[in-house]
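The values are calculated or read from the model by the stated rules, or taken from the named source; none is laboratory data. Because the structure is a prediction, the values reported are computed rather than measured. When we count neighbours, we look across all protein chains shown, and the Cβ atoms used for this are built from the backbone with ideal geometry, even at glycine.
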Amino acid sequence: MSKLELSIDVLEKNLGKILNQDQLYSLLDHSDGLKKGEKKYKIVYYLRLRGYLFPLKRNLFLVTSPEKKWTEDQILSLYYWEVLAKMGKDLWGNKWYIGGLKALEIRLGDYDIRDEILLVNGEAQGVELVMLDKIAQLKSYNNKKKSLISDFLKYGD
């Protein structure tokens, strides 16, 4: 078996999962065909070309099969909230929340996906790509006085 076929066998066990680049590389490390220091980005490139990996954003992939043809709407409806939660957890741990009008809509049970979403955290400010063409506006909120964030964090864990 070639290295690519061994990599495909490893990926087929993880169909439907979202993996970042480090997780993907560690999976490829555990396959028998690859050596520890080998260039895995080439294998990832060939897996993307053959349809086994669907890029959601930079260094974040959906493991799929070439027979399954995804549309962007299907991927957004199935994986948007999972990718958003994974992004927030990777960047800030559990010290972030969704702010603005979307927070109220989620509270009321409306999980529609907008082009922009507001993420409030204690560190970063700017714009971050969530997946495909959806972005997150990042707002940092630090106050020396007692703030609502500490109350939200206390009940969120």
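Here Leu11 meets the list (1) within 30 Å of Ala124 (Cα to Cα); (2) touching a strand residue (DSSP E or B) at 6+ places or on another chain (Cβ under 6 Å) almost entirely, failing just condition (1). Residue pairs whose Cβ atoms lie under 8 Å apart, separated by 6 or more positions or on different chains, with the first residue in the stretch 12-28 and among the aliphatic types (A, V, I, L, M) and the second part of a helix (DSSP H, G or I) and at pLDDT 90 or above, are Ile18/Tyr79; Ile18/Glu82; Ile18/Val83. Against the list (1) under 14 Å from Leu132 (Cβ atoms); (2) in a loop (DSSP other than H, G, I, E, B), the condition Glu82 fails is (2).
Number of residues in the stretch 114-157 that are among the hydrophobic types (A, V, I, L, M, F, W, C), more than 25 Å from Leu78 (Cβ to Cβ) and at pLDDT 90 or above equals 1. Are there any pairs with C-beta distances below 6 angstrom linking a residue in the stretch 124-141 that is within 17 Å of Asn20 (Cβ to Cβ) to a residue that is of a type in the set (Gly, Ala, Ser) and not in a loop (DSSP other than H, G, I, E, B), with the two at least 6 apart or on different chains, and if so which? So the pair list comes out as Glu128/Ala136; Val130/Ala136. Assess whether Leu53 counts as being modelled with pLDDT under 85, within 23 Å of Asp90 (Cβ to Cβ) and of a type in the set (A, V, I, L, M). For Leu53, the condition - modelled with pLDDT under 85, within 23 Å of Asp90 (Cβ to Cβ) and of a type in the set (A, V, I, L, M) - is not met.
For residues in the stretch 34-79 being assigned to a helix (DSSP H, G or I) and of a type in the set (Lys, Arg), which is nearest to Val120 (Cα to Cα)?
Arg48
Ile43 falls short on exactly one of the conditions (1) assigned by TED's automatic domain parsing to the domain that holds Val10; (2) among the aliphatic types (A, V, I, L, M); (3) at pLDDT 90 or above, and that condition is (3). Please work out if Asp22 is of a type outside the set (A, V, I, L, M) and assigned by TED's automatic domain parsing to the domain that holds Lys134. Answer is no for this residue.
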